[in-house]
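Notes follow once the structure below has been shown.
Taken together, the values in this text are just the output of simple stated rules run on the coordinates, not laboratory data. What you are looking at is a predicted structure, and each value in this text was computed from that prediction instead of being measured. Every residue, glycine among them, receives a Cβ derived from its backbone with ideal geometry; neighbour counts consider all protein chains shown.
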Amino acid sequence: MRRVVLALTLLFASQVLASQVRAEEVAFYVIGVGADSCERFIAAAEEQPPGTYKAIGNPDGPYVNAISKYQQWMMGYVSAINATRGDEGMQIKLDLTEMDSWMRNWCSRNQRRTVFHALQAFVKSH
């Protein structure tokens with residue numbers, strides 16, 4: 001499962017240009033959809049209930065709607081945080097629906113911030 005999450009995260013990250021998140025706050029680039037605004041995330045999320053996405057099969061592989069990219073990026077980010085924490089008791093253990101709902105709530109109140117900022121706040125609160 002870890003390999004799948006990592007592979008999907010790298011796939012989506014490679015499709016999006018790196019963007020710099022406020023230099024005064026962070027001294028690195030956020031790669032992938034984490035650099036998108038919360039407003040954009042909320043727009044993508046409107047199509048589906050939290051923790052779900054739509055997939056349509058086609059000969060080149062399944063097409064997934066926009067929220068799936070954010071969900072995969074979020075799961076990869078939390079997996080990376082868990083890898084750095086080491087101690088299993090300190091790791092974030094939750095389902096996608098809980099994380100997705102939390103992110104939607106935070107982003108709806110902070111639409112000018114980025115998905116990365118929202119996920120940082122999520123990690124700090126868990």
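Would you please give the FRET efficiency between Lys124 and Ser101, computed as 1/(1 + (r/R0)^6) with r the Cβ-Cβ distance and R0 = 22 Å, to the nearest 0.05?
Values: r = 17 Å, r/R0 = 0.78.
It comes out at approximately 0.80.
Give me a comma-separated list of calculated 3J(HN,Hα) values for the stretch 63-75, in order, Karplus coefficients 6.51, -1.76, 1.60 applied at θ = phi - 60°, integers in Hz, x for any Gly or Pro.
8, 10, 6, 4, 4, 4, 4, 5, 4, 5, 5, 4, 5
Search the structure for amide H atoms under 5 Å from the amide H of Val30, placed 1.01 Å from N in the peptide plane, and list their residues when 5 or more places away or on another chain.
Ser19, Val21
Check the straight Cα-Cα distances from Lys93 and name the lysines below 18 Å, setting aside those fewer than 8 residues away within the same chain.
Within reach: Lys124.
Ranking request for peptides 35-48, 66-79, 88-101: highest mean number of other beta-carbon atoms within 10 Å first, then the rest in descending order. Show your work: numbers first, answer last.
Numbers: 35-48: 17.5, 66-79: 21.9, 88-101: 13.3.
Listed from highest to lowest mean packing, they are 66-79, 35-48, 88-101.
Would you give the gap between the C-alpha center of the stretch 37-51 and the C-alpha center of the stretch 64-123, rounded to a whole Å?
Spelled out, the Cα-based centre of one part sits 13 Å from the other.
In nanometres, what is the gap between the two model label sites at Lys54 and Tyr29, each 7 Å from Cα along Cα-to-Cβ?
A separation of 3.3 nm, rounded to one decimal place.
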